[in-house]
Amino acid sequence: MGNYAEQLVKNCPIVQGVPPQNMQVFTSLVGTGVSLRQTDHASVIIQTGAWDPDTAAAVIVYEDTSVVPTVAQRLMFTRYWTNSANPASSELVETACVGTFDLDTANATYVIEIDGDDLTAWQNYDCIRVMIGVAVGLKVNAYVSAMYVLGKTRHGGATMMDATID
Amino acid sequence: MGDYAEQMVKNCAIVQAFPPIDTTGAIQTGTVISLKHHDHVTIIINQGAWAAGTPAVTLTQDTSCVGAPAVKALGFTHMYTNTAAPGSNVFVDTAVVANTFNLTAVANVTTVIEVDADTLDATNGFDCMNVVIASPGANADLISGTYILSKSRYAGAAAAMRDVTID
């Protein structure tokens with residue numbers, strides 16, 4: 001059952017990870033860093049738009065000790081969900097992975113679910129950042145955007161804490 | 001308190017309203033979604049690089065997700081904006097007049113609209129809705145839109161995964 005109550009904007013920090021853009025040749029996209037210090041979960045939602053055939057961009061997630069790149073290291077995740085039938089369907093398909101997967105389909109939605117306890121907190125890694133690698137094979141179009149929705153906040157109220165501050 | 005439990009993909013339906021796009025000169029008519037199985041939808045509009053233009057945002061309610069259903073305006077009274085994105089996630093609550101507002105001509109803004117299912121005219125069969133962004137004019141404006149449907153009426157991953165593009 002969908003059991004978060006009331007309005008998302010008043011319950012979960014919503015953060016732009018990567019603003020909508022057309023990827024440039026040989027350029028990777030480093031997402032905004034967000035702190036999980038005050039939330040126990042993050043959903044990373046990535047959307048593609050127009051996308052050249054035979055183009056692939058790898059997605060990885062870093063954990064870090066700060067929201068700005070400091071001593072980042074790869075964060076392992078083992079599953080992602082994708083809907084490559086947008087907008088004709090909203091169904092997400094679960095797929096196993098080993099810490100990375102490729103964006104390779106136009107108009108697709110990809111979701112990664114990360115729990116706060118996935119991070120190496122005992123070494124002060126309490127922040128994450130999504131990175132979209134170089135779009136291999138890119139000719140013209142590789143439109144992408146990403147955002148984070150942080151859930152299970154530890155403190156309530158309409159005035160949300162700023163997850164872009166650690 | 002943020003009280004949605006576990007994974008969003010297993011509790012909420014996540015749907016592209018419209019994909020990331022350079023919307024120059026074009027209207028973005030969002031995917032029509034059904035609220036038959038959810039009591040709430042959050043509409044998230046992300047702007048990227050923004051040359052100029054302040055396109056109007058409206059909501060439409062529909063009697064079906066497909067074909068040529070009856071449509072009419074859907075009322076809403078608040079919207080939330082974060083003009084400091086991605087450097088912040090703090091949103092400002094702004095009253096909406098006459099069920100429409102204009103996106104600001106600022107790059108990297110995030111705008112959120114919260115819609116309860118009981119604001120739709122279900123009595124007359126309007127149980128679907130979509131967001132519409134007017135053309136910003138001939139400007140290279142990057143934008144994407146997302147729906148997150150919550151408070152599903154049926155439990156479990158399968159319910160959250162229910163295809164909300166089918167009424």
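Read-outs throughout are calculated quantities, based only on the coordinates presented, and are distinct from any laboratory measurement. Computed from a prediction, not measured in an experiment: that's the story for all the values here. Glycine gets a Cβ as well: all are built from the backbone with ideal geometry, and neighbour counts include every protein chain shown.
Observations on the model:
- In the protein assembly as shown, the ratio of gyration radius to Kirkwood radius, Rg to Rh, stands at 0.94 when only Cα atoms are counted.
- The distance linking the stretch A:107-166 with the stretch A:64-106 is 10 Å (Cα centroid to Cα centroid, whole angstrom).
- Residue order, fewest to most surrounding Cβ atoms within 10 angstrom, among B:PHE18, B:PHE76: B:PHE76, B:PHE18
- Projected label points at A:VAL25 and B:ASN124, each 7 Å from Cα along the beta carbon direction, are separated by 5.4 nanometres.
- Shape box of the stretch B:1-95 [Cα atoms, principal axes, largest first, Å]: 40, 37, 26
- Net +/- balance of residues flanking A:ASN124 in space, Cβ distance below 11 Å, scoring K and R +1, D and E -1: -3
- Descending semi-axes in whole angstrom, ellipsoid equivalent of chain A, from the Cα gyration tensor: 26, 19, 14
- Residues A:PHE101, B:PHE91, arranged from fewest to most other Cβ atoms within 10 angstrom of their Cβ, appear as A:PHE101, B:PHE91.
- Efficiency of FRET between B:ALA107 and A:VAL68 - r from beta-carbon atoms, R0 25 angstrom, step 0.05: 0.80
- Largest mean-square fluctuation among B:VAL32, B:VAL15, B:VAL92, in a Gaussian network model of chain B whose springs join Cα atoms under 10 Å apart, belongs to B:VAL92.
- Among A:TRP122, B:TRP50, a tally of other beta-carbon atoms within 10 Å of each Cβ gives an order, fewest to most, of A:TRP122, B:TRP50.
- Helix-only mean residue ellipticity at 222 nm for chain B, each DSSP H run of n ≥ 4 adding -39500 (n - 2.57), per residue, nearest 500: -500 deg cm²/dmol
- Treating each Cα of the stretch A:40-106 as an identical point scatterer and summing with the Debye formula, the log10 of I(q)/I(0) at q = 0.13, 0.18 Å⁻¹ comes to -0.46, -0.82.
- Counted charge near A:THR82, where neighbours are those whose Cβ lies closer than 12 Å (Asp, Glu -1; Lys, Arg +1): -3
- The reciprocal of the average 1/r between distinct C-alpha atoms defines the Kirkwood hydrodynamic radius, which for the stretch B:94-167 equals 15.6 Å.
- According to the Kirkwood relation over distinct C-alpha pairs, the hydrodynamic radius of the stretch B:13-151 is 15.1 Å.
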